[in-house]
Structure formats: structure tokens, C-alpha cells
Amino acid sequence: MKKTLLTILCLLTALCGMAQSERTYTEPLVITSGDGEPTEPQEASVVVVDNGDQTINFVLKNFILSSGGSDIPVGNIVVNNLPVTKGEDGLDYVSFEGSITITPGDLEGVDSWYGPLFGQIPIVLQGKMNEEKLFVSIDINMGMVVTVLLGTDDFPLTRIYTEPIVILSGDGGPSEPQEAQISVVENGDQTINFVLKNFMINVEDDVVGVGNIVINNLYVSKFDDGLDHVYFKGVITISEGDLEDVVFWLGPMFGDVPIELNAKMNEEKLFATIAIDMGESVVTAQVGTDFGPVTIVKGDLNGDTVVDIGDAVSILNIMSEGNYILAADINGDGKVDIADFVGILDIMAGQ
């Protein structure tokens, strides 16, 4: 009986490792035919199937070509087993040059799909994507070349840091350094998203998968040291990681998890401490190596060495967004509120 249960568990684990997942992107679609003008953008849905082996299937269903004021039903553009390459910007890149057979679509009211009549059709596909958006260019040679643009090439700037990570908590002292990757997404509004994927901890002699540590909309402060500083103290929900050889992730079991993050970075490197309260113990991780001592001037939120009206406006924004940065905590009570706004006015008046 035990052997049977073990066999079933192994089969289930194998199936989980091979399981496909898919994402649907809704993006604007623009068509250019020959020397013609681009069409007006129309909404289209693209399905991307992750095959679990660093390849994807790309599916654009019910493609309709607009030409000369007429709509010509073409069919389904399907390209399977596209190799995925991870770029330095954190995006997934795909490329294909070859021939496919367009299949009939399934829109109600459309009886004839013209794509399958052409047989093998040469296409060139170039694309990039993240979990939220996609940008793809497809050249389809149907006697004349039809260029299809899906999405817009306006991805947020993402920096990928590869740094040593050390677990500081536990009775056994610091763990041996291991390599970790941190993604920092710049949102364009003085905030970033901080992403530590596939965080693992050592429990006795075992390595346990915790999950993805994601903190969005962190307010960025720049100080005289020229570094970007972020601070967060609150709760997050840890999501499952995506390592193929990890079947179980511990973090999602805890629901809302208190966490404290203190980080600083430039374009080349990052240093962060992350304290995660997991109930019976606090797990503290250190990512990267420190830049050296930092001087924080209370009230100087933009790092220009002067506390002025710009800093007062910034502190109101921090309050409204529920963020926390150390330089804005004028009275040192661990939160940013109206008392700190009054404090910054006092600093301005005393200069």
C-alpha cells in the first residue's frame, strides 16, 4: 500500500512539473499591408501557453485583415514551441522565422476563412513580454507582406540585480551565500516594484521554498550618496515560485505576512535587508554587500540638501499613498502622518 501511494505521489509530482500554464494578453492590433497606411488600432487577444520547458505556444485567434475598407477573415496564427530567452531587462524574448499553416477561426457568422487556402505561409515573428503585457511584430507573406503589430513597446524600465543572499536568522549563524536575482521595475512616478523570486530558506538540513517576495509602489528617495533608497514596513502575501523542481511553497500558507524591507541601489548593484515574520520566527535575509555608511537628513526627501516646499509636497504624497521612508518620519514614530508634515514645516521655518 505504501509503495502504491508513493508511486501515485511521484506521478502527480511529475505531472505538476510538466503542466502547462497560459496567459491571455489583450492588446491593440495594428495592420500595415504593402505600402498602405497602418489601420486604426483594434483590440485583440493573444494566448501564450508556457510549456514548462523554456518554450511557449503563441496563439492569435480569428485574425481578420482590414484592406480597402473590407474585412477579410484570415484565421488562427499559431506558432508552437517557440524558445524563450530571458533578457537583461527581465523580459521574455521570442523569435521565429519559418512557415506555418493558418487554421480556420471560430467566429460566429464567418463561414469562410482565407488563410488555410494558402497552405504553408512564410512568417517572421519577433516579440517580448512580461506577465502584464506583450509586444509582437509579425510579417505574414501572403503574396504581399502583411505586418501585424500587437501591443506597444513601452514596457517599464526593469533592472536585474544578481547578488549574494545570506540568511542571517537561526541558531546556526549566517548561511552560506547563494546567488539571487532581484528585479526592480521603475514605474515612472518615483516608485518602484521590488521582486525577489523563488526565495528559499534553510531549515535544519533541508532547503525549503518560501516563494516570491513582491512589494509594489515603493517610494524612492535619493540622498547625497547618489543611491536610490526604499523602505517598507507592512504586510504582503507571498506567492508561489516557479522553480520546476520545487513542488511545495511555504509562503502562501501564511496569508498576510509582516515584512520590513530596507534597500538601496544604483544602476550596478543593490543592498537590501528583508525581515519576514513567519509566526514562530523572523527570517532575516541580506541581499548584496553594503555600499558603506549613509547619512539620512530628516525632511530632505529629494536629496538636494535643502528642506523646502518640494519636500513638503513629497511628504503629502507619501501620506496619501500609505508609503514609508525614513527621511519622512520626522518624529521617528515609525509612520508618516500629519505630525511629520507639521515637522517638515518647522524645519523649513527654522532654516
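Restricting attention to the range 311-340, the residues that are of a type outside the set (A, V, I, L, M), over 26 Å from the mean Cα position of the chain (by Cα) and surrounded by fewer than 18 Cβ atoms within 10 Å (Cβ to Cβ) total 6.
Against the test of being in contact with an Asp or Glu (Cβ under 8 Å, 6 or more places away or on another chain) and in contact (Cβ under 8 Å) with a residue 24 or more places away in the chain, the options Asn302, Asn262, Asn323, Asn331 yield a single qualifying residue, Asn302. Whether any residue in the range 246-262 is in a loop (DSSP other than H, G, I, E, B) and on the phi > 0 side of the Ramachandran plot is what I want to check. Within the range 246-262, one or more residues are in a loop (DSSP other than H, G, I, E, B) and on the phi > 0 side of the Ramachandran plot. Candidates in the range 265-280 are the residues that are of a type outside the set (Val, Ile, Thr) and under 19 Å from Gly234 (Cβ atoms); of these, the one that is surrounded by the most Cβ atoms within 10 Å (Cβ to Cβ) is Ala272.
For every residue, the table says whether it meets (1) of a type in the set (Phe, Trp, Tyr); (2) in the same structural domain as Pro164 (by TED's automatic domain parsing); (3) at pLDDT below 90.
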| site | (1), (2), (3) |
| --- | --- |
| Glu204 | no, yes, yes |
| Asp224 | no, yes, yes |
| Ser239 | no, yes, no |
| Asp245 | no, yes, yes |
| Thr273 | no, yes, no |
| Ile309 | no, no, yes |
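For the range 269-283, filtering for residues that are over 19 Å from the mean Cα position of the chain (by Cα) and in a loop (DSSP other than H, G, I, E, B) leaves 4.
For the structure I just gave you, tell me whether Ile100 is of a type in the set (Val, Ile, Thr), assigned to a strand (DSSP E or B) and either under 25 Å from Thr158 (Cβ atoms) or free of Cβ contacts under 8 Å to residues at least 60 places away in the same chain (or both). Yes; evaluated as a whole, the condition is true for this residue.
Of the residues that sit in the range 241-264 and are surrounded by fewer than 15 Cβ atoms within 10 Å (Cβ to Cβ) and out of contact with any helix residue (DSSP H, G or I) (no Cβ under 7 Å at 6 or more places or on another chain), which one is nearest to Ala327 (Cα to Cα)? For the range 241-264, the residue satisfying everything is Asp256.
If we scan the range 172-180, do we find a residue that is over 28 Å from Asn217 (Cβ atoms), among the polar types (S, T, N, Q) and assigned by TED's automatic domain parsing to the domain that holds Asn217? Within the range 172-180, one or more residues are over 28 Å from Asn217 (Cβ atoms), among the polar types (S, T, N, Q) and assigned by TED's automatic domain parsing to the domain that holds Asn217. Confirm whether Asp92 is assigned by TED's automatic domain parsing to the domain that holds Val46, of a type in the set (Asp, Glu), modelled with pLDDT of 90 or more and under 23 Å from the mean Cα position of the chain (by Cα). Yes: the conditions hold for Asp92.
Taken together, Asn212, Asn217, Asn198 contain a single residue that is under 24 Å from Gln54 (Cα atoms), touching a residue at least 40 places away in the same chain (Cβ under 8 Å) and of a type in the set (S, T, N, Q), which is Asn198.
The values are calculated or read from the model by the stated rules, or taken from the named source; none is laboratory data. Everything numeric in this text was worked out from a predicted model, so none of it was measured. We place every Cβ from the backbone using ideal geometry, glycine too, and count neighbours over all the protein chains shown.
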